[in-house]
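Below is one structure; the comments refer to it alone.
The values are calculated or read from the model by the stated rules, or taken from the named source; none is laboratory data. From a predicted model like this one, the values you see are computed outputs, not experimental measurements. Every residue, glycine as well, gets a Cβ built from its backbone with ideal geometry; the counts of neighbours run over all protein chains shown.
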Amino acid sequence: MNRKIRITLALLLATFAREGFSQGLPPTAGLEAERERIARERKPMFDAGNPATQAGKGLLPRSADIEREKQRVEQDRKAMFDANNPTTRNSGNSFPKVPTPDRSGIDIEALARQYEQKSAARRTDELMVFASFTMPEASLRRLVSQARQVGAAVVLRGFKNNSLKETAQAIQALGEPGGNVLVNPNAFTKYQVKAVPTLVLARAATTDQMDAQGCALPDHYVAVSGDVTLDYALDEIARRAPEFAPVATRYLRQIRGQ
């Protein structure tokens, strides 16, 4: 009896196990069908003729294409800077045509040469005529002419109407190339010039010696103010300041052609 019960239980367990395995594991036919489905979906993704994949074709260039383009750019660059290239040698420049102002008639190189000559001539003294465009034109023209004759500098406090162009034109109108006319407001302070015209004769060796206010020391220069000729002012200096008389007399001889 017991043996019969045990056999019956064993058969029941075997039946349950077979049903469980059959439900938990897919059949072989199902696995094969799933593999075929995945293969069908994967194949179009790598198909070169698939329209869906044509849109993204060529987004990344090949290494050979990149290298070929680098070589082309390098060849073009070398040709551009090749002095023997007929294309670039005979072609006109491509710079923009920027309008340039009309020349004022002042020769910059001539001004530089005049400045060098004046600097060499004033190794032992410094002769300056302080003036302004507010002076009578005849007086200013006469002083500028005499200053040029002896290599003296005509010093202005500032530009006419604060314009470099108007200043250059005014200097030209005086018949002066421009080399003897300077704009130097600091010189007015240095030699304490309060009125124009003023003639100042200073020792060149002491022109860099100043007091705490930036003014030249009184015994290092002599000044004469008034609307007078340059030779009259130099006569006054020779008479009033014996220590400057030799230099003043030398300038007088230049003015008088002696």
Enumeration of residues in the range 216-226 that are surrounded by 14 or more Cβ atoms within 10 Å (Cβ to Cβ) and touching a residue at least 24 places away in the same chain (Cβ under 8 Å): Ala216, Tyr221, Ala223, Val224, Ser225
Qualifying residues in the range 167-196 (those that are surrounded by 18 or more Cβ atoms within 10 Å (Cβ to Cβ) and among the charged types (D, E, K, R)) - the one farthest from Cys215 (Cα to Cα): Glu176
Residue match in the range 157-166 (condition: surrounded by 19 or more Cβ atoms within 10 Å (Cβ to Cβ) and either under 40 Å from the mean Cα position of the chain (by Cα) or not acidic (Asp, Glu) (or both)): no
Odd one out for Asp208 among (1) surrounded by fewer than 18 Cβ atoms within 10 Å (Cβ to Cβ); (2) charged (D, E, K, R); (3) under 23 Å from Ala138 (Cβ atoms): (3)
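Only residues that are surrounded by fewer than 10 Cβ atoms within 10 Å (Cβ to Cβ) and either of a type in the set (Ser, Thr, Tyr) or at pLDDT 70 or above (or both): list them for the range 56-66, please.
Start the filter on the range 56-66 by keeping residues that are surrounded by fewer than 10 Cβ atoms within 10 Å (Cβ to Cβ), which leaves 56-60, 62-64.
Within the range 56-66, Arg62, Ser63, Ala64 qualify.
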Within the range 223-250, tally of residues that are assigned to a helix (DSSP H, G or I) and farther than 18 Å from Val155 by Cα: 16
Number of the condition not met by Gln254 [criteria: (1) over 27 Å from Met135 (Cα atoms); (2) part of a helix (DSSP H, G or I)]: (1)
Matching residues, the range 211-238, being among the hydroxyl-bearing types (Ser, Thr, Tyr) and farther than 22 Å from Leu140 by Cβ: Tyr221
